[in-house]
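Here is the structure we will look at, set down as structure tokens.
The values are calculated or read from the model by the stated rules, or taken from the named source; none is laboratory data. The structure displayed is predicted, hence computed values, not measured ones. Reconstructed Cβ throughout: ideal geometry from the backbone, glycine too, with neighbour counts over all protein chains shown. Note: accessible area is taken over every heavy atom of the protein model, side chains too, but ligands, DNA and RNA are not part of it. Shrake-Rupley method; radii C 1.70, N 1.55, O 1.52, S 1.80 Å.
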Amino acid sequence: MAQYNSVTPELIEKFKAIAGSRVATGEDINPDFARDEMPIYGTRLPDVSIDVMSTEEVSAIMKICNENKIPVTVRGAGTGLVGACVPIAGGVLLNTAKMKKILSYDLENFVVTVQPGVLLNELAEDSLKKGYMYPPDPGEKFACLGGNVSTNAGGMRAVKYGATRDYVRAMTVVLPTGEIVKFGATVSKTSSGYSLLNLMIGSEGTLGVITELTLKLIPAPVATVSLVIPFADLDTCIATVPKILQNHLKPQALEFMERKIVISSEEFLGKAVFPRSFNGEDVGAYILCTFDSDNRDELDPIIEKAADIVLEAGAMDVLVADTPDKIRDAWAARSSFLEGIEEQTKLLDECDVVVPVTEIANFLHYVNTLEAESGFKVQSFGHAGDGNLHIYTCSNDMELDVFKAHVATFMEKVYAKATELGGQISGEHGIGMGKIDYLSKSLGPVNMRLMEGVKNVFDPNMILNPGKVCYKM
Ligand SMILES: Cc1cc2nc3c(=O)[nH]c(=O)nc-3n(C[C@H](O)[C@H](O)[C@H](O)COP(=O)(O)OP(=O)(O)OC[C@H]3O[C@@H](n4cnc5c(N)ncnc54)[C@H](O)[C@@H]3O)c2cc1C
């Protein structure tokens, strides 16, 4: 177990010599820096926060922290859902959100170079103006790209285009020792030793501080159409997912949602878009999918084929959203699930398992049987096309410690089931501190030994983001 030192007034003076008035202590620290979007895993303010602006500043600060064994936590926008950016060991918080320049486009090589604090929606909008798309599309558009890369964020379009990992070509990293290093290159393939670039992706701020990213773009599709597909029950809905994929329809997004979560989201938005019943029968679950193409005319036969397949598989109806307004309305309800749940719930926890697509229904039935014995409400939705499921446990009347104990029992069973079905405990949100106990159970001792070894090589003094992923405090 690493021993850390306190941040002394002398060290604060050294930080001020590097970053001036961007160093904050005491009441000047932004209270948001104590938490991310899932405070149930724990909160703590750092002893000092520093808004960093350059690779050189980060390097100078890391050298001081490494020499003095001061813990450092890196933060992007703080939208994470596993407590990964929470400075639970105190020490220094490096806020990278102010490093927000889009530095350059190299469109002949289909790449853009950015600082880590650029927001996902800023890059998406800017590249679209140039006719290009940055495909990763996690639900939270106001996350920083540095945070997205550090969690290997997934999102709606992963089913067709892959997750963030697939779009990272190169990065500049400051190691915990303060050394500045470049991983990867602006090339479309490489077979040049171990991929340190890929080790950094999804490492949740435990191996190094990302200060520059070179990301891949693709030509933007010219047309999209979304389908809202109601089903009488969840089983028929989920069983339809592989049929869409097997028929080479290549949806850009393929989400499933149960009736109760759609209703709560629409109540939050004050607008109902999804049909609640069809021919007098209640809708039990929905698929929401989007198809894209470089040619609008190519979409019609795809939509017709998709409609035939889902109706034959037991869909109640197929609603086509083919104008920007209709598409926006259909996706607004999906995008507001978490905010809808948050508004209606006092105590909230979640899990983000990923299972083989063929096991989704099996897994969800198991979760629904656990709900009956849990004492809290369970709300589920997910990226059906890639088997990534978000299960929310919600209570308005339990005491916090009772809720936490019941959720722990529930999560143990849920993660054990996901592992038994060939799944993993996180599809896109990461491990942070919220899921650290479950990772070793799921992966086993050899995997954990290798991860701890990697951590040791990058960070011999264990100063970077203690208590996260594989290094328990
Ligand atoms: C409403 C909502 C919807 C969401 N939907 C999705 C979704 O669909 N898919 C998905 O994957 N996630 C989703 N998320 C989770 C969250 O948005 C992502 O995990 C996101 O990638 C976090 O980015 P951030 O900038 O907020 O990072 P933070 O929360 O600030 O940090 C996350 C981790 O990244 C590290 N980090 C941040 N910047 C750097 C850096 N420059 N160098 C090194 N490490 C760094 C931190 O130390 C921490 O470990 C959602 C969250 C919300 C609130």
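Observations on the model:
- Count of residues meeting criterion [open to solvent by less than 50 Å² (accessible area, probe 1.4 Å) and over 13 Å from F231 (Cα atoms)] in the stretch 274-306: 9
- Candidates are the residues of the stretch 115-162 that are modelled with pLDDT of 95 or more and on the phi > 0 side of the Ramachandran plot; the one that is farthest from the ligand (Cβ to nearest atom) is G131.
- Filtering the stretch 32-49 to residues that are among the hydrophobic types (A, V, I, L, M, F, W, C) and under 13 Å from V82 (Cβ atoms) leaves M38, I40.
- For the stretch 419-459, the tally of residues that are free of Cβ contacts under 8 Å to residues at least 24 places away in the same chain and assigned to a loop (DSSP other than H, G, I, E, B) stands at 1.
- Any pair with Cβ under 7 angstrom, 6 or more apart, that starts in the stretch 112-132 at a residue that is more than 17 Å from R169 (Cα to Cα) and ends at one that is within 11 Å of the ligand (Cβ to nearest atom) and assigned to a helix (DSSP H, G or I): G117/G146
- Entirely in the stretch 116-195, the helices (runs of 4 or more DSSP H) that have 1 or more residues that are surrounded by fewer than 21 Cβ atoms within 10 Å (Cβ to Cβ): 120-129, 158-161
- In this structure, Y392 does not satisfy being aromatic (F, W, Y), in contact with a Phe, Trp or Tyr (Cβ under 8 Å, 6 or more places away or on another chain) and within 29 Å of G147 (Cα to Cα).
- When we screen A24, A34 for residues that are more than 14 Å from the ligand (Cβ to nearest atom), open to solvent by less than 20 Å² (accessible area, probe 1.4 Å) and touching a Ser or Thr at 6+ places or on another chain (Cβ under 7 Å), the only hit is A24.
- The set of residues in the stretch 239-263 that are open to solvent by less than 10 Å² (accessible area, probe 1.4 Å) and under 29 Å from C394 (Cα atoms) comprises T240, V241, A253, L254, E255, F256, M257, I261, V262.
- If you go through the stretch 337-350 and keep only what is surrounded by 20 or more Cβ atoms within 10 Å (Cβ to Cβ) and in contact with a helix residue (DSSP H, G or I) (Cβ under 6 Å, 6 or more places away or on another chain), you end up with F337, G340, D349.
- In the stretch 63-90, the residues that are more than 11 Å from the ligand (Cβ to nearest atom) and not in a loop (DSSP other than H, G, I, E, B): K63, I64, C65, N66, E67, N68
- The residue list N198, N152 contains one member that is in contact (Cβ under 8 Å) with a residue 40 or more places away in the chain and under 18 Å from the mean Cα position of the chain (by Cα), which is N152.
- Members of the stretch 265-293 found to be among the small types (G, A, S) and farther than 17 Å from D329 by Cβ, listed by number: S277, G280, G284, A285, S293
- Filter result (modelled with pLDDT under 95, hydrophobic (A, V, I, L, M, F, W, C) and away from the ligand (no atom under 15 Å from the Cβ)) within the stretch 441-473: L443
- Those residues of the stretch 208-218 which are assigned to a strand (DSSP E or B) and either over 24 Å from the mean Cα position of the chain (by Cα) or near the ligand (Cβ under 9 Å from one of its atoms) (or both), in sequence order: V209, I210, T211, L213
- Test: D401 is open to solvent by 40 Å² or more (accessible area, probe 1.4 Å), under 22 Å from the mean Cα position of the chain (by Cα) and closer than 21 Å to G42 by Cβ: no
- Residues satisfying the stated conditions in the stretch 423-459, i.e. on the phi > 0 side of the Ramachandran plot and surrounded by 13 or more Cβ atoms within 10 Å (Cβ to Cβ): G430, G432
- K98 fulfils the conditions (1) closer than 29 Å to W331 by Cα; (2) among the basic types (K, R); (3) within 16 Å of the ligand (Cβ to nearest atom) except for a single criterion, (1).
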